[in-house]
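What follows is a short report on a single structure.
The values are calculated or read from the model by the stated rules, or taken from the named source; none is laboratory data. All values reported here derive from a predicted model rather than from experimental measurement. Quick reminder, even Gly has a Cβ in these numbers, built from the backbone with ideal geometry, and neighbours come from all protein chains shown. Protein only, heavy atoms only, side chains kept; ligands, DNA and RNA dropped before computing areas. Shrake-Rupley method; radii C 1.70, N 1.55, O 1.52, S 1.80 Å.
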Amino acid sequence: MKKLWGGRFKKGMHPVLKCFSYSLYVDYQLLESELEIDIAWAKMLGRTGLLTKSESAKLVRSLASLMRELIPSDPHDKLPKAWLQDYEDVHTLIQSRLEKKAGSLGKKIHTGRSRNDLVVASTRLWARKKLSEIQKKILVFQKSLLSAAARSRDLKIAGMTHFRKAQPVLLAHHFLAYLEMIEEDRARLAAAMARLDLLVLGSAALAGTSLPIDQKFLARELGYSKIVTNSMAAVSDRAFMTEIVSGLAILWMHLSRLAEDFILWNSEYLGFIEIDDAFATGSSLMPHKKNPDVFELIRGRASVIFGHLQTLLVLQKGLPLTYQRDLQEDKPAFFDSVNKTGLALDVLSLTLNGVTFNAEALKRSVEEDALYATDLLEYLVEKKIPFSEAHEAVGRAMRFAIDHRRPLESLGLHEFRRFSKAFGADVYNLFNETVSVTAKRTKGSTHPERVRAQIKQWRIRLDAH
Ligand code: ARG
């Protein structure tokens, strides 16, 4: 099959080098974006006189028909296996198919450009579309977190630090914590998306071109508000990909953390949640098993995304300007990060919507005297005992209870008063999860009114999108 180069070569490419260097199996994903760019390019060539009007129109028609042929719902479906060996990359594929359709006129499409600027242009366009899909999927996921918060609004759970019971919190507060973290991820990705708004075409191989390429027209056609200001940066830099994958990696870090919480909650040891059968898996050996594989795969797959970020960073480090073929290795990492994220968000949203809560197990988790030690401390502080003195007093009472294998709550008032004279009979009211959460008053705290207000605000905020 024809290459996009070859004039200065005496021999064809060795088949082993073909195998080694061809990239269609990855960059076929750019087919649609690249055809869109080609259509804009063909129109532009007609306006500038590099093509006649009728040549331009014919090319546009041929490209549009290629688009219909080559872009079914899943582009992979239509790619004959043989093409992977026949065509070096997506650019070569389009060029050859176009020449089949439009005859030798097809040879004019590549006027004034290089694959170096083309591949960046197509990838940016691809990213813009995919990231706006991801933004929508993040929103759906946030809505499923909000719904989990609303469904669990009356439930309390033993909040943990060091994976040891700390203080009672509303389970909804826990879900809203993730909602908030994910919101920041969404904003980070939106900022990265804003930087995609740049037309890099016209950079040609590295230096720009002497041909009268109309970049303003191209920008308008393709929906860009900014035009490249340095052709060398445009063909060299993959910071836009690195930034997006770094934003995705942070998102995956959060998803993985959430997955871990759910794995623990789903364990018989805690037993706080039940996963819908449609989102759980069994064991080929142990008939009783029902496993949380969705969450384990999320936790595991996060490592793949972190690896992709590392790939992109190391790929560019020490790479002289401008384009080097090394940069071809950016696409597997980039595409895979974006594609895996979309799917992960889909499955997580669905799984979360099917999670139910075990109210009794959650209730049991907060029936432990030690969870209220901090409330006792704050009670003493309210009674004007200096903070560290109060801390010491409650600590010693706790020590006493542990030594005597008794719950703290079972200490008599005279026993409490041995540790601080400020203890009164009302101390026993404190051993209660509702009293504990309701006592919190700071902004952002787990007070039920605050949490309810948060749920309301999030609902308005998420519905506004
Ligand atoms: N497959 C190449 C890549 O992904 C396309 C650009 C090739 N350019 C070149 N001068 N060989 O980076």
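Structure notes:
- Approximate shape of the stretch 91-238 as ellipsoid semi-axes (Cα gyration tensor, √5λ), whole Å, largest first: 50, 16, 13
- The stretch 12-164, relative contact order [Cα under 8 Å, separation at least 6], %: 28 percent
- Helix axis angle, 293-316 relative to the chain longest principal axis, alpha carbon, degrees: 50 degrees
- Surface share of carbon and sulfur [accessible, 1.4 angstrom probe, percent] for the stretch 421-465: 54 percent
- Degrees between helix 387-403 axis and first principal axis of the chain (Cα, 0 to 90, nearest 10): 70 degrees
- Computed over the stretch 159-226, the ratio Rg/Rh where both radii use C-alpha atoms and Rh is Kirkwood: 1.44
- Take the Cα radius of gyration of the stretch 5-66 and divide it by 2.2 N^0.38 Å, N being the number of residues; the result is 1.52.
- Cα-based reach from Lys53 at 20 Å (exclusive), listing lysines while leaving out same-chain residues under 8 positions away: Lys43, Lys101, Lys107, Lys108, Lys216
- Residues Asp197 and Arg8, FRET efficiency given R0 of 30 Å [Cβ-Cβ distance, rounded to 0.05]: 0.20
- Scattering curve values for the stretch 1-129, log₁₀ I(q)/I(0), Debye with Cα scatterers, q = 0.10, 0.12, 0.17 Å⁻¹: -0.31, -0.46, -0.92
- Kirkwood-type hydrodynamic radius, the stretch 191-252: 12.7 Å, calculated from all non-identical alpha-carbon pairs.
- Three principal axis lengths of the stretch 300-393 [C-alpha, angstrom, descending]: 71, 38, 17
- Mean shadow area of the stretch 396-445 over all directions, Cα convex hull, nm²: 4.3 nm²
- Amide H contacts of Leu199 (H built 1.01 Å from N, under 5 Å, at least 5 apart or other chain): Lys226, Ile227, Val228
- Rg over Rh [alpha-carbon atoms, Kirkwood Rh] for the stretch 113-167: 1.41
- To the nearest ten degrees, helix 373-382 and the longest principal axis of the Cα atoms of the chain are 70 degrees apart.
- Packing, as the average of other Cβ atoms within 10 Å across residues, places the peptides 203-215, 326-338 in the order 326-338, 203-215, highest first.
- Convex hull per residue volume in Å³, alpha carbons only, for the stretch 230-383: 203 Å³
- Debye-sum result for the stretch 240-287 in log10 I(q)/I(0), which assumes one identical scatterer on each alpha carbon, at q = 0.17, 0.25, 0.31, 0.32 Å⁻¹: -0.68, -0.94, -1.08, -1.09
- Of Lys81/Lys290; Lys100/Lys130; Lys100/Lys136, those spanning more than 32 Å from alpha-carbon to alpha-carbon: Lys81/Lys290; Lys100/Lys136
- The stretch 241-276: chymotrypsin sites (Phe, Trp or Tyr not before Pro) in DSSP loop, at most 10 other beta carbons within 10 Å: Tyr269
- Evaluating 6.51 cos²θ - 1.76 cosθ + 1.60 at θ = phi - 60° for every residue in the stretch 45-50, the Karplus couplings come out as 4, x, 5, 8, x, 5 Hz, glycine and proline recorded as x.
- Hz values of 3J(HN,Hα) by residue in the stretch 97-108 - Karplus curve (6.51, -1.76, 1.60), Gly and Pro given as x: 5, 5, 5, 5, 7, 9, x, 5, 4, x, 5, 8
- Calculated on the alpha-carbon coordinates, the convex hull of the stretch 173-309 measures out at 162 cubic angstrom per residue.
- Over the chain, the hull volume per residue, using the convex hull of the C-alpha atoms, is 206 Å³.
- Rounded to two decimals, the Cα-based Rg/Rh of the stretch 282-323, with Kirkwood Rh, is 1.41.
- Computed with a 1.4 Å probe over protein heavy atoms only, the accessible surface of the chain comes to 50 Å² per residue.
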